[in-house]
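*Asks:* This is the structure I have questions about; it appears just below.
The values are calculated or read from the model by the stated rules, or taken from the named source; none is laboratory data. The shown structure was predicted, so the numbers you read here are calculated from the model rather than taken from an experiment. As a convention, Cβ positions derive from the backbone with ideal geometry for all residues, glycine included, and neighbour counts pool all protein chains shown.
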Amino acid sequence: MIPIPSTLAQWSHYIAACLFALGLFGFLIRKNGIVVLMCIELMLNALNLFLVEVSMRSSHPEGIIFVIFIITVAAAEAAVGLGIILNLYRLKGSVHVDLFKSLKG
Amino acid sequence: MQVVLFGLILIPLLGAILNGLVLRSKHTRVAGGIATACSAACFLLALSLSLNYFETGTPLSAALPWMSAGPFVLNWGLRFDALTLVMTLVITGIGTLIHLFSIGYMDEEKSPYRYFAYLNLFLSAMLLLVLGDSLPVLFVGWEGVGLCSYLLIGYWYEDIDKANAGMKAFVMNRIGDAAFLLGVFICYQQFKSVTFTEMAHLTATSNSLSVWWLEMAALCLFVGATGKSAQIPLFTWLPDAMAGPTPVSALIHAATMVTAGIYLVARTAFLFQVSPDVSQWMAYTGAFTALFAATIALVQKDIKKILAYSTVSQLGLMFVALGVGAYSAALFHVMTHAFFKALLFLAAGAIIHGLHGEQDIFKMGGLRKHFPLTFLFSSIAVAAICGLPPFSGFFSKDAILFAALASPTGDVLLWGVASLASLLTAFYMTRFYLLIFFGDYRGEAHPHEGSALLWIPLAVLAVGSAFAGLVGMPHGLHMLPDYFGQLLSPVLPAWQETHAFLGEIGAMSVAVAVAALGIGTAFVIYRKGTGTGEKLARAFSPLYKLLLGKWYIDELYELTIVLPFKALCRFSSRIIDRAIDVTVLFPARLARVGGTALSLVQVGAVQVHLWIMVLGGLVLLWWALRGLVV
Amino acid sequence: MRDGLFIAFGILTILGGLGVVVARHAIFSAFSMVIAFFGLSALYVLWGSNFIAMLQILIYTGAIVVLFVFVVMLLDLKKESSLDTGSGLAVMLSGATVWFFSLLILRAMNRGSYFASEKVLVSQDMRVISHLLFTKYLWPFEILSLFLLALIIGVCVLARPDSKEGPHK
């Protein structure tokens, strides 16, 4: 089903895809809000790996620039996300995501 | 020199702005002083322009650009010729006197600045009306005076009846104005121009004009004039307009604004000259309005209502003159009527003021002792309106009656109806005079003569009422030349005398006899107070009630126009609005239902949303990669 | 040698990621994430991007993970008896979805055109990146700084305990 990777680039793709899949999986199944945030970080890092690889192999520095921006935004997102988690914890005494349903339409 | 023409309009406008928007003084003397000063300045300016005209004999004109659209160019064009001269002097002269009177009359008002601002605004608009050299400019003034009339009738707007009277005047005028506008459009379509001089020139020279369309234009303008000048069928607003302060009734609803229709017809005389049918209609409309209004005036009890119907009647006489081609006679009557009717209204105002608001003449009587000066001046005015020689009304009314008889388009019927109206006028004015000033006092209020501010304008107007007629002496008397007719001859077409069964002197004698008959009858009936009159009223009870009810014209209009209109409105609000509502609200309800349905997706649980997002991403990714060869 | 190292660090990274997902206590997730980031950093070095590798250690490991650890400590979360996943069906559905998703991603990344444009590996030093950041990408860069400012204010507002109507009155 899955072809055996033959080049370093393909190995790199497998690693990135794997990391992304792990992030997404945790993202979907874990109920701990903090772990959900960490899984998002994993997915972002998978993307970073791919961007670095493509950028380095094709000598286009734009990929690296994007990685810098993504890292910045990821840091921001983690900060805001944790701030929200902190507030939710104050509100309910837990970080279990299923407890938060007040946005129900 | 030309620019001064704009001053005539701007000075009162400035006064209105100063009073109404800047100072807003609560002191009648301050507000009235400013307004009177502006008005007087206007009068002096008009006087100097008139002297200039008498010297040079050439009309002045001035223009500022207004708008241009393709071939259509329109200016704020003003023109000061003989016709404008007469109107301007009447407006500013009588206007100033009435401003002066108002200071005395409106002395206990809460917001006199509003009153005086409107009054000055009215002067400005009225002067624009008579100075405008084209139909649109005239129309601006026309609407302006209509607005001021509305504002001043409803000046005491806390009283719902008075506010409604203002609305009635406005709406009725609107009917006429719609016709006026149509007339303007027809004129532009025919002449490709809207200035009076060009239109007159083209009417005289061009042979490509359609006579039928010119008649339609004349008809439309005449209908506009009936609205403003209170002729059948649009006259019912004028008696109701008496809800305004009495000086306003004197200035706007007797002396100046209501004569705007006369002025309009005289100004567009060239159109009516080529539309004999319309002129004929106008003459008969005027004659029957004169008779009709006079009959109502016979039995009215309200001092101002009598004068209002008298005004309608006199305006009818002016339309008779216009209809038979005696334009200068109509203007002559405009001038004399302005004097004596303003005087009568101001005298009525002085009496109402002295009686603390009493308006019923059956609660007056014997007032000659309490109001000696007012009594003196009123005597002159009543003599003038009855047509007694040598007072002013005699000459102008006689000129009209003679023209109705002897003009090529006049006939005996017109003359007869007009004479009958004069007879009734003499009767009801004498009744008015006797019931107010003679007999015993029948009211409760304590009567007292007003201040000098109240009677000085009366005195000046009395002089005018007595002697203004001398400037337009008929030829037949061979005493003085007809200065008035000569002055207006460059502007207004003259009429050719045809042979009638009465000569000028004969007609004049009949007119005097008719006046004497009217006065005599009234004297017999009302000499000893109200008793005989009441007996007569009982004897002819149905007729009396019909007249007292003003022929039930208002009720007729209510039944034929207002009620169907209300029904239409109800239909529109109940059926058509409902249909529109449903059409408009359907998408709104649809959106609301759709929103409610879609909000079910918002379960609020974070991970369900994540699921939806991931699935969406999956679909997008799959779609983006379709057909991609690895 | 390079391939061997690459595969080894790749496996380390994936193990770290797995640790994040399956750890029962959030603090173990955070430590697993450090391992994953360390592996990633090594992969960046192997691709020749020393600068990003340095950033990875400094920002991710040094700042973000520390933030996570700090919050986990602050909240005093208990170790869960079992993994806090949903029902078994949900886990299986998630697994299938993720499998399909990662296949699609892999297919996209393995596009032939990336290999066609393959060039000699050139080390991108900081000079090139800095030059680009301050010329071509100046506006995004400056806007990013504004964004961070807004973020600081936002987080301050979010995290400050409301003295008047807090949850534990």
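Let's see how each residue does on (1) closer than 22 Å to B:Ala266 by Cβ; (2) in contact with a helix residue (DSSP H, G or I) (Cβ under 7 Å, 6 or more places away or on another chain):
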position	(1), (2)
B:Leu127	yes, yes
B:Tyr150	no, yes
B:Ala165	no, yes
B:Gln189	no, no
B:Ser193	yes, yes
B:Leu202	yes, yes
B:Val211	yes, no
B:Leu219	yes, yes
B:Ser229	yes, yes
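*Asks:* I want to confirm something. Restricting to the range A:56-65 and keeping residues that are assigned to a helix (DSSP H, G or I) and buried (at least 18 other Cβ atoms within 10 Å of the Cβ), which single residue is farthest from the other protein chains (Cβ to nearest Cβ)?
*Replies:* That would be A:Gly63.
*Asks:* Which of the residues spanning the range B:595-626 are more than 26 Å from A:Val36 (Cβ to Cβ), at pLDDT 85 or above and of a type outside the set (Gly, Ala, Ser)?
*Replies:* Across the range B:595-626, the qualifying residues are B:Thr596, B:Trp623.
*Asks:* Filter the range C:1-16 down to the residues that are facing chain A (nearest Cβ under 7 Å) and either out of contact with any helix residue (DSSP H, G or I) (no Cβ under 9 Å at 6 or more places or on another chain) or β-branched (Val, Ile, Thr) (or both) and list them by number.
*Replies:* Residues satisfying the conditions are C:Ile7, C:Thr13, C:Ile14.
*Asks:* Of these, B:Ala511, B:Ala466, B:Ala462, which one is within 15 Å of B:Phe332 (Cα to Cα) and outside any loop (DSSP other than H, G, I, E, B)?
*Replies:* B:Ala466
*Asks:* Residues A:Ile84, A:Ile70: which one is of a type in the set (A, V, I, L, M) and more than 7 Å from every other protein chain (Cβ to nearest Cβ)?
*Replies:* Of A:Ile84, A:Ile70, the one residue that is of a type in the set (A, V, I, L, M) and more than 7 Å from every other protein chain (Cβ to nearest Cβ) is A:Ile70.
*Asks:* Moving on to the next point. Yes or no: C:Phe51 free of Cβ contacts under 8 Å to residues at least 60 places away in the same chain and either farther than 19 Å from A:Ala16 by Cα or at the interface with chain A (Cβ under 10 Å from one of its Cβ atoms) (or both)?
*Replies:* Judged against the criteria, C:Phe51 is not a match.
*Asks:* Follow-up question, since we're still on this one. I'd like the residue in the range A:21-55 that is more than 7 Å from chain C (Cβ to nearest Cβ) and polar (S, T, N, Q) and, out of all such residues, is farthest from A:Ser94 (Cα to Cα).
*Replies:* Out of the qualifying residues, it is A:Ser55.
*Asks:* Whether any residue in the range B:587-610 is surrounded by 10 or more Cβ atoms within 10 Å (Cβ to Cβ), under 32 Å from the mean Cα position of the chain (by Cα) and aliphatic (A, V, I, L, M) is what I want to check.
*Replies:* No: zero hits.
*Asks:* Working only within the range A:18-65, note down all residues that are touching a helix residue (DSSP H, G or I) at 6+ places or on another chain (Cβ under 8 Å) and either of a type in the set (D, E, K, R) or on the phi > 0 side of the Ramachandran plot (or both).
*Replies:* Matches in the range A:18-65: A:Arg30, A:Lys31, A:Glu41, A:Glu53, A:Arg57, A:Glu62.
*Asks:* Here's something else I'd like to know. Is it the case, given these coordinates, that A:Ala46 is buried (at least 21 other Cβ atoms within 10 Å of the Cβ) and either out of contact with any Ser or Thr (no Cβ under 8 Å at 6 or more places or on another chain) or part of a helix (DSSP H, G or I) (or both)?
*Replies:* Spelling it out, A:Ala46 is indeed buried (at least 21 other Cβ atoms within 10 Å of the Cβ) and either out of contact with any Ser or Thr (no Cβ under 8 Å at 6 or more places or on another chain) or part of a helix (DSSP H, G or I) (or both).
*Asks:* Would you check if B:Ile400 is modelled with pLDDT under 90, within 23 Å of B:Ala290 (Cβ to Cβ) and buried (at least 24 other Cβ atoms within 10 Å of the Cβ)?
*Replies:* So B:Ile400 fails the test.
*Asks:* Check the range B:613-621 and report whether any residue there is assigned to a helix (DSSP H, G or I), away from chain A (no Cβ under 14 Å) and either without any contact (Cβ under 8 Å) to a residue 12 or more places away in the chain or of a type in the set (S, T, N, Q) (or both).
*Replies:* There is at least one residue in the range B:613-621 that is assigned to a helix (DSSP H, G or I), away from chain A (no Cβ under 14 Å) and either without any contact (Cβ under 8 Å) to a residue 12 or more places away in the chain or of a type in the set (S, T, N, Q) (or both).
*Asks:* Please give the number of the condition B:Val145 fails out of (1) without any contact (Cβ under 8 Å) to a residue 60 or more places away in the chain; (2) within 13 Å of the chain's Cα centre (by Cα).
*Replies:* Status for B:Val145: all satisfied but (1).
*Asks:* For the range A:87-105: of the residues being within 7 Å of another protein chain (Cβ to nearest Cβ) and part of a loop (DSSP other than H, G, I, E, B), which is farthest from the chain's Cα centre (by Cα)?
*Replies:* Looking at the filtered set, the residue picked out is A:Gly105.
*Asks:* Just the residues that are buried (at least 17 other Cβ atoms within 10 Å of the Cβ) and at pLDDT below 80, please, taken from the range B:444-472.
*Replies:* Residues satisfying the conditions are B:Glu449, B:Gly450.
*Asks:* Residues A:Ile34, A:Ile29: which one is touching a Ser or Thr at 6+ places or on another chain (Cβ under 7 Å) and under 27 Å from C:Phe28 (Cβ atoms)?
*Replies:* A:Ile29
*Asks:* Being closer than 30 Å to B:Phe362 by Cβ, assigned to a helix (DSSP H, G or I) and either in contact with a Gly (Cβ under 7 Å, 6 or more places away or on another chain) or touching a residue at least 60 places away in the same chain (Cβ under 8 Å) (or both): is that true of B:Ala445 here?
*Replies:* Spelling it out, it is not the case that B:Ala445 is closer than 30 Å to B:Phe362 by Cβ, assigned to a helix (DSSP H, G or I) and either in contact with a Gly (Cβ under 7 Å, 6 or more places away or on another chain) or touching a residue at least 60 places away in the same chain (Cβ under 8 Å) (or both).
*Asks:* Checking the structure you have, find out if any residue of the range B:488-505 is aliphatic (A, V, I, L, M), surrounded by fewer than 19 Cβ atoms within 10 Å (Cβ to Cβ) and free of Cβ contacts under 8 Å to residues at least 12 places away in the same chain.
*Replies:* no
*Asks:* Condition test on C:Val66, is it over 30 Å from B:Leu621 (Cα atoms), modelled with pLDDT under 85 and not in a loop (DSSP other than H, G, I, E, B)?
*Replies:* No: the conditions fail for C:Val66.
*Asks:* Right, something else. Only one residue in B:Arg592, B:Arg538 is charged (D, E, K, R), more than 30 Å from B:Ile175 (Cβ to Cβ), part of a helix (DSSP H, G or I) and modelled with pLDDT of 90 or more. Which one?
*Replies:* After applying the criteria, what remains is B:Arg592.
*Asks:* Also: So, in the range A:89-102, exactly how many residues are out of contact with any strand residue (DSSP E or B) (no Cβ under 7 Å at 6 or more places or on another chain) and surrounded by 20 or more Cβ atoms within 10 Å (Cβ to Cβ)?
*Replies:* Final tally of qualifying residues: 2.
*Asks:* Residues B:Leu543, B:Leu477, B:Leu559, B:Leu487: which one is under 27 Å from B:Ile262 (Cβ atoms) and under 32 Å from the mean Cα position of the chain (by Cα)?
*Replies:* B:Leu487
*Asks:* Moving to a separate point now. Go through the range C:17-38 residue by residue and tally those that are of a type outside the set (Val, Ile, Thr), within 14 Å of the chain's Cα centre (by Cα) and facing another protein chain (nearest Cβ under 9 Å).
*Replies:* 8
*Asks:* Quick one: B:Asp177 ticks every box in (1) in contact (Cβ under 8 Å) with a residue 60 or more places away in the chain; (2) part of a helix (DSSP H, G or I); (3) under 26 Å from B:Glu558 (Cα atoms) bar one, so which box is it?
*Replies:* Only one criterion is unmet by B:Asp177, namely (1).
*Asks:* Now for a different question. Kindly establish whether C:Arg107 is loosely packed, with under 13 Cβ neighbours inside 10 Å and modelled with pLDDT under 85.
*Replies:* For C:Arg107, the condition - loosely packed, with under 13 Cβ neighbours inside 10 Å and modelled with pLDDT under 85 - is not met.
Residues checked against (1) within 30 Å of A:Thr7 (Cα to Cα); (2) surrounded by fewer than 18 Cβ atoms within 10 Å (Cβ to Cβ); (3) hydroxyl-bearing (Ser, Thr, Tyr):
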{"site": "C:Leu5", "(1), (2), (3)": "yes, yes, no"}
{"site": "C:Phe9", "(1), (2), (3)": "yes, no, no"}
{"site": "C:Leu15", "(1), (2), (3)": "yes, yes, no"}
{"site": "C:Val21", "(1), (2), (3)": "yes, no, no"}
{"site": "C:Arg24", "(1), (2), (3)": "no, yes, no"}
{"site": "C:Ser41", "(1), (2), (3)": "yes, no, yes"}
{"site": "C:Ile52", "(1), (2), (3)": "yes, no, no"}
{"site": "C:Leu55", "(1), (2), (3)": "yes, no, no"}
